[in-house]
Amino acid sequence: MTLKALNQYGKGFQLKVLGSLLTDKTFLQNVRDVLLEEYFDSDAHKWIINQITAYFDKYHTTVSMDVLKVELKKEGNDILQVALKEELRNSYEASQEDLEYVQEEFQTFCKNQEMKQAILNSTDLLQAGDFDGIRNTIEKAMKAGMDKNIGHEYIKILRRVIDLITVLPSLLLGLFLTMLFKGDLDLGIWVLYLVILVVVSRGLWLLLLLMLLSLVIRSIFTLWSSGKITLVKDLTAILQGTVLMKLTTTGKKSKNT
């Protein structure tokens, strides 16, 4: 539960909020979709909020003091200029004490205000019988102000997984070849490894060809070891026959000469 209006939290609380919005990009990113100038009573605070949101919407980061100085010079109201300088200085110098509480409370306050406005808007939709519109309005309000940093954490995890995937094929291939030539790999396991390797290697045909070549070599090696084929003996015999034929031909030529 939060207070009904932001001014009920006191000026010190509001200055800490402004200080966070000016310097903490993550906090600003999380509350941007529920951050409205109307929550603040002071004209100076409203001006600062407008500068913060306009800069963030365009450049996706917090506004710097140098930019604020330039925008401040464009302000034609001298009285407001004095108030802005004072409030900006106070915001940047605001105490960091209880800052986590202040940020969480302000974010909850904004979300509650968003939900309140969604419920008020739903009354007209209810009278019109637009129940889909009511549901969409409430769902949008519930999603507003959610922690946007969660998405960045997922991205970091995904990058780590991708890094692992780029290394995994070579590791699995090494294990596959070791088991292949040791004779510990039956057909079912081979098919499983084939599927895994093709998936994690993102369809690299070279890897598939290497595996097929390994299978052929292993099959020939197995058959030769079991005596079902005598590849080496056959090759030896062929070579021996070729050598004998050459020797015989050479001997006949010598006799004729």
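A few points about this structure:
- Protection proxy ranking of 13-23, 86-96 - average other beta-carbon atoms within 10 Å, highest first: 13-23, 86-96
- Here the ratio of the Cα radius of gyration of the stretch 6-143 to 2.2 N^0.38 Å is 1.18.
- Legend: residue pairs K69/K140; K4/K74; K74/K140; K16/K116, Cα-Cα distance threshold 30 Å; pairs beyond threshold, K69/K140; K4/K74; K74/K140.
- Euclidean distance of C-alpha centroids, the stretch 25-72 and the stretch 81-96, integer Å: 14
Taken together, the values in this text are just the output of simple stated rules run on the coordinates, not laboratory data. Quick caveat: nothing in here was measured; it's all calculated off a predicted structure. Here Cβ is always computed from backbone atoms with ideal geometry, including for glycine, and neighbour counts include all displayed protein chains.
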